[in-house]
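The values are calculated or read from the model by the stated rules, or taken from the named source; none is laboratory data. Quantities reported herein were computed from a predicted structural model and do not represent experimental measurements. So basically every Cβ, Gly included, is an ideal-geometry build from the backbone, and we count neighbours across all protein chains shown. Side chains are part of the model used for accessible areas, which takes the heavy atoms of the whole protein and leaves out ligands, DNA and RNA. Shrake-Rupley method; radii C 1.70, N 1.55, O 1.52, S 1.80 Å.
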Amino acid sequence: MSGVLAASVDGRSFTTSAGEGAPTGTLVRLETTDGAWLGLVEAASSDGAEVGRVLGVLGEDGELDQRSDAPFRNAHVKPADAASVDALHRASHATLEIGSMLASPGPAKLIGTRFNRHTFWCGQSGSGKTYALGVVLEQLLAHTALPIVVFDPNSDFVRLGELRDGVSGPDAAALASRNVRVLRPNGPDPLLVHFRSLPIEAKAAILRLDPVADAREFNTLLHSDEVATALDKDALLGELRASDDPGRQALATRIENLGMLDWEVWAGPRTPVNEIVAERPDATVLDLGGFSTPDQHLSVAISVLDDLWARRAERRPVLLVIDEAHNLCSPDLVTPLAVAVRERIIQIAAEGRKYGLWLLLSTQRPSKIHPGIISQCDNLAVMKMSSPGDLAQLGSYFGVAPAGLLAMSPWFRQGEALFAGGFVPAPTLVKMGSRLTPEGGGDVGVPLR
């Protein structure tokens, strides 16, 4: 970058002269005889000049003043050193180390307190999305007191409470002390739902009842103590069928046709999932993939989400991590139960932040998530994305992500990502670090002879 000069007329953005400048995404020192500024290169023009944002003034004491907006001219552009990067992290209170910076020296760090905004995480299959998300969840568990609930459809996070062989250090010790509950269908810590504790709208959605089109059955459900108390296949159908009420008989037929009496999700006298989540373990992993029918994992989701919404006035923070979020948040969902789950997530996205209900949604493509949800997200993590349409959609939703950095996504290697938004000191290209806990899932290899 020898001979490259920069100027800023507003103290917030800068442009450089043409020359051999820094790669897009690089942190740079902008030095004049009057002082030094820290900047981020966001894009390069066709004539070799660059544009970027000013992140603050570097003081003689080594600290970064992010409030200053003093203009400058004829600043020499130099790569930021490790001390300047550290100053940025200190000024932003970024303490969660998730890997290393791709374009600058030193570690990449997130700001734990800024997970009080909704987060969108995306990357195509094979990008390392799930593994990388595990790195971030480990750091949150080790360094914050924020309870986490993971909706885990592929059993990828069921070992979040274990440590990999041979890992050690303060982070590993902190993780080992955390209370991580893993709830699994038919497991020693079972994943269960109390039908009777669900609101009437959720019960009707599970039973696929419309209050107008199925008025008689809906009214029977509204006043049926048998159904509200428990789904007990030894007694329920007999009691409903023994009645002379056509509505009760029709409801019995519906329950039998849906096969609900054989669902393994019903709690009976055991503890349901919403009561466990209400205790706020450090992390609660809900293994949704082990049920014999898809409506059961949706029943778990509606039970947890409805209960958290009903308790929202308590203002007890929780991070709701929804992996493969298209399963619960797709605009194309049509069944009453799936729509009820999605609508509750839309409501949490729009109104839950002030109550401490924060979302982290992970999926392969932004088009697979309802726009009413993604539009409420302030934090963004992007891994390898080859589709120009997907990148254009992300750019339209997330102005915090510079277009020049988003455009690099198709060339990311596995485990590389762009982080932008309030939970990172500045838009950052990252090589994700190693997991401390084992990944529950993983790709299946091709058999070799």
- Taking the stated definitions as given, is residue 276 open to solvent by less than 10 Å² (accessible area, probe 1.4 Å) and either of a type in the set (Phe, Trp, Tyr) or within 24 Å of residue 366 (Cα to Cα) (or both)? no
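Within region 87-94, identify whether any single residue is in contact with a Gly (Cβ under 7 Å, 6 or more places away or on another chain) and over 22 Å from residue 403 (Cβ atoms), and answer yes or no.
Yes, some residue in region 87-94 is in contact with a Gly (Cβ under 7 Å, 6 or more places away or on another chain) and over 22 Å from residue 403 (Cβ atoms).
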- Message: Just to be sure I understand, how many residues within region 124-174 are on the phi > 0 side of the Ramachandran plot and open to solvent by less than 10 Å² (accessible area, probe 1.4 Å)?
- Response: 0
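How many residues, within region 98-132, are closer than 21 Å to residue 56 by Cβ and not in a helix (DSSP H, G or I)?
Quick first cut of region 98-132, residues closer than 21 Å to residue 56 by Cβ only: 101, 103-114.
Adding the requirement that they be not in a helix (DSSP H, G or I) leaves 101, 103-111.
Count: 10.
Being among the aliphatic types (A, V, I, L, M) and open to solvent by less than 10 Å² (accessible area, probe 1.4 Å), is that true of even one residue in region 329-337?
Yes; the residues of region 329-337 include at least one that is among the aliphatic types (A, V, I, L, M) and open to solvent by less than 10 Å² (accessible area, probe 1.4 Å).
Residue-by-condition table, conditions (1) modelled with pLDDT of 80 or more; (2) in contact with a strand residue (DSSP E or B) (Cβ under 7 Å, 6 or more places away or on another chain); (3) open to solvent by 40 Å² or more (accessible area, probe 1.4 Å):
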site: 208; (1), (2), (3): yes, no, yes
site: 211; (1), (2), (3): yes, no, yes
site: 215; (1), (2), (3): yes, no, yes
site: 219; (1), (2), (3): yes, no, yes
site: 236; (1), (2), (3): no, no, no
site: 241; (1), (2), (3): no, no, yes
site: 245; (1), (2), (3): yes, no, yes
site: 249; (1), (2), (3): yes, no, yes
site: 253; (1), (2), (3): yes, no, yes
- Matching residues, region 338-360, being open to solvent by 10 Å² or more (accessible area, probe 1.4 Å), more than 14 Å from the chain's Cα centre (by Cα) and of a type in the set (A, V, I, L, M, F, W, C): 339, 340, 346, 350
- Task: Report, ordered by the first and then the second residue, all pairs with beta carbons closer than 8 Å, sequence separation of six or more or different chains, a first member in region 271-285 that is hydroxyl-bearing (Ser, Thr, Tyr), and a second member that is in a loop (DSSP other than H, G, I, E, B) and open to solvent by 10 Å² or more (accessible area, probe 1.4 Å).
- Result: 284/147
- Working only within region 50-64, note down all residues that are buried (at least 18 other Cβ atoms within 10 Å of the Cβ) and farther than 20 Å from residue 4 by Cα. 64
- Query: Does residue 401 meet the test of being touching a Gly at 6+ places or on another chain (Cβ under 9 Å) and of a type in the set (A, V, I, L, M, F, W, C)?
  - Reply: yes
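Matching residues to (1) at pLDDT 95 or above; (2) open to solvent by 10 Å² or more (accessible area, probe 1.4 Å); (3) closer than 23 Å to residue 94 by Cβ:
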{"residue": "399", "(1), (2), (3)": "no, yes, yes"}
{"residue": "409", "(1), (2), (3)": "yes, no, yes"}
{"residue": "413", "(1), (2), (3)": "yes, yes, no"}
{"residue": "417", "(1), (2), (3)": "yes, no, yes"}
{"residue": "421", "(1), (2), (3)": "yes, yes, yes"}
{"residue": "428", "(1), (2), (3)": "yes, yes, yes"}
{"residue": "432", "(1), (2), (3)": "yes, yes, yes"}
- Item | Filter result (open to solvent by 20 Å² or more (accessible area, probe 1.4 Å) and not in a loop (DSSP other than H, G, I, E, B)) within region 65-91 | 65, 73, 74, 76, 78, 79, 82, 83, 86, 90, 91
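On the basis of being more than 20 Å from residue 405 (Cβ to Cβ) and open to solvent by 30 Å² or more (accessible area, probe 1.4 Å), does residue 12 make the cut?
Numbers: more than 20 Å from residue 405 (Cβ to Cβ): no; open to solvent by 30 Å² or more (accessible area, probe 1.4 Å): yes.
Against the criterion (more than 20 Å from residue 405 (Cβ to Cβ) and open to solvent by 30 Å² or more (accessible area, probe 1.4 Å)), residue 12 does not qualify.
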- Message: If I ask for residues that are under 26 Å from the mean Cα position of the chain (by Cα) and of a type in the set (S, T, N, Q), which ones from region 82-103 would you list?
- Response: 92, 95, 100
- Regarding residue 363, is this residue over 18 Å from the mean Cα position of the chain (by Cα) and either open to solvent by 10 Å² or more (accessible area, probe 1.4 Å) or modelled with pLDDT of 95 or more (or both)? no
- Message: Among the residues in region 2-25, are any of a type in the set (Lys, Arg), assigned to a strand (DSSP E or B) and modelled with pLDDT of 90 or more?
- Response: no
- Selection from region 289-319 of residues under 13 Å from residue 273 (Cβ atoms) and open to solvent by 20 Å² or more (accessible area, probe 1.4 Å) yields 291, 297, 307
